[in-house]
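Everything on this sheet refers to the single structure shown next.
FYI, it's all coordinate maths here, none of it is from the lab. Being a predicted model, the structure only gives us computed values, none of them experimental. Using ideal geometry, Cβ is built from the backbone for each residue, glycine included, and neighbour counts are taken over all protein chains shown.
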Amino acid sequence: MTTVGLLYPGHAAEEDFPRIEVMLDSDIRVPLFHTDTGIGTGVGQGASRLEALREAGAPERLAAGVEELRLAGAESLVWASTNGSFVYGWDGAHQQVAGLARAAGLPASSTSFAFVHAVGELGAGRVAVASLDAEDIAPLFADFLTAAGLDVVSVRAVGDDSGPAPADAATWGPERVRELVAAADHPDAEVVLLPCTALHTAAFVPELEELVGKPVLTANQVTVWEGLRLADRRVWAPTLGTLFATREPPLGATQPRGIEVRE
């Protein structure tokens, strides 16, 4: 049995994770422990969206779910939020997961780092981003990816000026997600990234890949993959896309362990 503990912000597309458990068809558990984002409930009122996202990823908010996660027997921990990580910048995001690793005594990461490691797993370097964040937030993910050494050839932001479209992203059906991926694709991109963990995508990643003719990485997919990577567990599950259909990393690809603190 391998247990990957996830800290998930609020409530949106959490149904993706039990679905992924079933699709892995193995002795893998992916329990979720919800964190209070505070967004829309007082936190961030009178503040910018950037400040609100940073507050959602603050150490005291994330620490609330760590003890439950440990008691569940988790072997690794992933902060299942992309914008709740990259808004801290490359160095700040490292500090965020280092704090989680110390608090849990487990290998820890976040969805932002999961995307970086997953692109490396595929042996790719040029990416297109389909972001549901507001236009002032989406470029921060591109900056994060660039700091990781990736070439971001395009960013399509569909959030409006007042806040991100992910507020209703959990209601999006497959057709709308397909339209987003097609619109975000770029001829020079080797991979298309969908960084919103509020989108339901687990059931149709191969369809998205067939649509654009290249790998598509979605937030919930890479989050689970990252947790398994930290737990040293490789799984063959092509129904979850190219990422889960790669048994061995490409020649020359590196596999960073991530941040690990055991106490």
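Rounded, prolate or oblate, given the Cα gyration tensor of the range 41-139, with a/c below 1.5 counting as rounded?
Since a/c reaches 1.5 but b/c is at least a/b, the shape of the range 41-139 is classed as oblate.
If we count other beta carbons within 10 Å of each Cβ, what is the order of MET23, MET1, fewest first?
Going from least to most buried by this count: MET1, MET23.
Would you look at the GNM of the chain, springs on alpha carbons closer than 10 Å, and say which of GLY227, GLY84, GLY99 moves the most?
GLY99
Which helices pass in the chain if a helix is a full DSSP H run, must span at least 18 angstrom along its long axis by Cα, and must have mean Kyte-Doolittle hydropathy not below -1.0?
Helices meeting the span and hydropathy rule in the chain are 89-104.
Given only helices, namely DSSP H runs of n ≥ 4 each adding -39500 (n - 2.57), what is the per-residue ellipticity at 222 nm of the chain, to the nearest 500 deg cm²/dmol?
Calculated mean residue ellipticity at 222 nm is -11000 deg cm²/dmol.
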